[in-house]
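Below: one structure, written as structure tokens.
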Amino acid sequence: MTTSIEMVDLTKEFAKIRAVDNVSLDVRRGEVFGFLGPNAAGKSTTVKVAATLLVPSKGSIVIEGYDVLEQPVEVRSIIGLLPEDGASTHYDRLSAYKNLEYFGRLYDVPEETLENRIDELLEFLELSDRKDDSPATYSTGLKQKLSIARSMIHNPQVVFLDEPTSSLDPIMSKRVREFIDTQAEGGTQTFFLCTHLLSEVEALCDRVGFISKGKLVEVGRPKELRRKFWTLRTYEIQLTDSNLQKSGEIITSTGLAKSVKIEGSRIVFELENAETKNPQIVRALVESGMNIIELRERVPDLDAVYQKVIGGN
Amino acid sequence: MWKKAWFMAQTEMRMVFKSRQVRMIPIIVVIMSVAFGGIMTWLMLSSGGIDAALFSVTLGSIMGAVVIMLPLMLPILIAADSIVGEKERHTLVPLLATPLTDGELLLGKFLTAMIPGLLVAYGNLALAVLVVNGVVFFMAPQFLWVWPDLLSLVQAIILPILFAILAVGLMVIISGRANTVYEAYQTGGILILPAMVFAYSGFLLGLGWLIFVIGSIIILFVDFILFRIALRLFNRDPLITRTG
Ligand SMILES: Nc1ncnc2c1ncn2[C@@H]1O[C@H](COP(=O)(O)OP(=O)(O)O)[C@@H](O)[C@H]1O
Ligand SMILES: [Mg+2]
């Protein structure tokens, strides 16, 4: 595995705040790396340093062999950037197509391939029929898709996406994720994806780094992290009849759950190692003649997970 | 360096002229200087018994100031629109993320602000010369040609360039502190115009070629220093740190 992005002791201080605090990290070529953290954790600042927009206070970032301080022009020409609040970063005085054409030329995309590249991206992101309109007339979702197209216009080796789906509705988020996923399939482009959404990381990322208060807390595969920090999981079951009391007793009698409660028309229980225990619970219920409509996990809110990550470190 | 900056400036000029304010300025400049020149000439000639030499010197210095100073409104407004406006409209970050060097970016912004300003300045100069001499031709044909003489003509060609660099350089420096186009334009107008008038008054005294050449070299030197300061300020880290 070749290293694509190498951060060593990266620190960025503003007047009073240490926004990024001694972050060291290797991102491999071709992977989708999730940079997960709550608001103000330092994600955007890290990306801005990587994109040579901010100068690190200490430490370094090397991208595909180019140092952000020594070779900023080379760095900028091989990376793509979807900045934070990307949807609001277009020239409203140019059409969407002209926006892409302008950036394509600033990124030195050869003129004979630029038109094809723009059409391909617009097609893929379902923007073709609106390409001659000003982005001012676009919805936030369309604007964000245009920002994504812009960040990929020069087919960059490394793409930094800062909160690509924030401010998008669920359907648009899904489309954007599908697009990123398709782009990442080739395995030659590296993606560095900032997000505060655990679900996004799990859907897209090969590996994830948790950042909190400027510090990199943990790096690993999403599954591993989940297992490590989020062992006690909560499930709820819905049954056809209202025989909740009896079902609750059955679950309790298996001795597998840490807790069992009845909430409205559902049974809610907590357990560890759901992969092996849930099938046993379901079997017990079915064998006692209970009809299960739904069994689903209650995904805890992210704060709870962060609390664990930070607390456990 | 010039190629990229020029390409950037072409696109930016096209965008800047989508602003109604920017489109209005050339019209205002031309109307004001043509009307002013015509009326001044007419007034001076109709007061009667005017001495030819005095007439020519007075008219020349007033018109000289008008055709050099008024068109500067345009580079100041364009600089405000394309530098502070870019912050205001959140379009700066993607531009800074492109492989353009700091020098290319700044040069692009300078060209964007200066080229339309200079075109307007020279077009306006030609029109003002026609109008002033037209009025003279009809009212006092014995004066033949009153303005400009060679020195005023050279001044009216060279000084707009030197002053425009000064104005745009100052605007770049102001723009770091201003958050809206309007604010920048106001500050720019308040700071720059008096500075120009002051600088120009030296030439107005009609001290001839030597003073003009020395004065121009001094302004050129100030231009150079301002460009260097602008280059240090119009640079990714300080721009982003301030914009947040
Ligand atoms: N330009 C700036 N000047 C001062 N402080 C900043 C600036 N940009 C970010 N910060 C601060 O740095 C911290 C990290 O911010 P940021 O990197 O935007 O976090 P995230 O993207 O994870 O939400 C925050 O406390 C933020 O207020
Ligand atoms: Mg952010």
**Message:** Given contacts defined as C-alpha pairs under 8 Å and at least six residues apart, what's the relative contact order of chain A, whole-number percent?
**Reply:** 20 percent
**Item:** With eigenvalues of the C-alpha gyration tensor scaled by 5 and rooted, region B:46-183, Å
**Value:** 41, 13, 11
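Over region A:228-300, what portion of Cα pair distances is larger than 14 Å, expressed as a whole percent?
Values: 1418 of 2628 pairs.
Beyond 14 Å sits 54 percent of the P(r) for region A:228-300.
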**Prompt:** What residues have an amide H closer than 5 Å to that of residue A:215, excluding those fewer than 5 places away on the same chain, when H is modeled at 1.01 Å from N in the peptide plane?
**Reply:** A:21
**Item:** Calculated from backbone phi, Karplus (6.51, -1.76, 1.60) coupling profile of region B:35-49 in Hz, x at Gly/Pro
**Value:** 4, 4, x, x, 5, 4, 4, 4, 4, 5, 6, 7, 5, x, x
**Message:** Using C-alpha positions alone, give me the convex hull volume of chain A per residue in cubic angstrom.
**Reply:** 167 Å³
**Relative contact order, percent, region A:58-156 [alpha-carbon distance under 8 Å, six or more residues apart]** = 39 percent
**Bins of 5 Å, starting at 0 and running to the largest distance - Cα pair percent for chain B** = 1, 6, 14, 17, 17, 14, 11, 8, 5, 4, 2, 1, 0, 0
**Acute angle (nearest 10 degrees) that the helix B:208-233 long axis makes with the longest principal axis of chain B, alpha-carbon atoms** = 20 degrees
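So what's the back-of-envelope 222 nm ellipticity for the protein assembly as shown, counting only DSSP H runs of four-plus at -39500 (n - 2.57) apiece and dividing by all residues, rounded to 500?
Numbers: 22 runs with 317 residues, N = 557.
Value at 222 nm, helices only: -18500 deg cm²/dmol.
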**Message:** Sorted from largest to smallest, which semi-axis lengths in Å does the alpha carbon gyration tensor of region A:157-250 give for its equivalent ellipsoid, taking the root of 5 times each eigenvalue?
**Reply:** 34, 19, 13
**Asked** Tell me, what does the Kirkwood hydrodynamic radius of region A:102-186 come to in angstroms if you use every pair of distinct C-alpha atoms?
**Response** 13.4 Å
**Prompt:** From the backbone phi of region A:199-204, what are the Karplus-calculated ³J(HN,Hα) couplings (6.51 cos²θ - 1.76 cosθ + 1.60, θ = phi - 60°) in whole Hz, Gly and Pro given as x?
**Reply:** 4, 5, 4, 5, 6, 10
**Complete:** Karplus-derived 3J(HN,Hα) from phi for region A:176-190 (6.51 cos²θ - 1.76 cosθ + 1.60, θ = phi - 60°), whole Hz, x at Gly and Pro, runs 5, 4, 4, 4, 4, 4, 5, 4, 6, 4, x, x, 9, 8, 9
**Asked** Once Lys and Arg get +1 and Asp and Glu get -1 on their Cβ, which of B:221, B:176, B:148 lies farthest toward the positive end of the dipole of region B:2-243?
**Response** B:176
**Prompt:** For all pairs of alpha-carbon atoms in the protein assembly as shown, what percent lies in each bin of width 20 Å, listed from the first bin to the last filled one?
**Reply:** 18, 38, 25, 13, 5, 1, 0
**Item:** Amide H partners (placed H, <5 Å) of residue A:32, local residues excluded
**Value:** A:191, A:206, A:207
**Item:** chain B - percent relative contact order, Cα under 8 Å, separation 6 or more
**Value:** 29 percent
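If each residue's Cβ is checked for other Cβ atoms within 10 Å, how do A:97, A:102 rank with the fewest at the top? Present the calculation step by step, with values, prior to reporting the outcome.
Numbers: A:97 19, A:102 24.
Ranking A:97, A:102 by Cβ neighbours within 10 Å, fewest first, gives A:97, A:102.
Just the number, please: Stokes-Einstein D of region A:1-68 in µm²/s, Kirkwood Rh from C-alpha pairs, 10 °C, 1.306 mPa s. If you can, show how the numbers build up before the last one.
Working: Rh = 12.2 Å.
D, rounded to a whole number, is 130 µm²/s.
So how do B:81, A:26 line up by other beta-carbon neighbours within 10 Å, fewest first?
Numbers: B:81 25, A:26 14.
In increasing order of surrounding Cβ atoms, one gets A:26, B:81.
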**Prompt:** Fully extended, how many nm does the chain gain between residue B:142 and residue B:183 (0.36 nm per residue separation, minus their Cα-Cα distance)?
**Reply:** 9.8 nm
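Step by step: find N for region A:45-179, compute 2.2 N^0.38 Å, then divide the Cα radius of gyration by it. What's the final number? Please report the intermediate quantities before stating the final value.
Numbers: Rg = 15.1 Å, N = 135, 2.2 N^0.38 = 14.2 Å.
In units of the globular-protein estimate, region A:45-179 measures up at 1.06.
Bear in mind these aren't lab numbers, they're just calculated from the coordinates by the rules spelled out. As the structure is a computational prediction, the values presented were derived from the model and not from experiment. Heads up, the Cβs are rebuilt from the backbone with ideal geometry, glycines too, and the neighbour counts pull from every protein chain shown.
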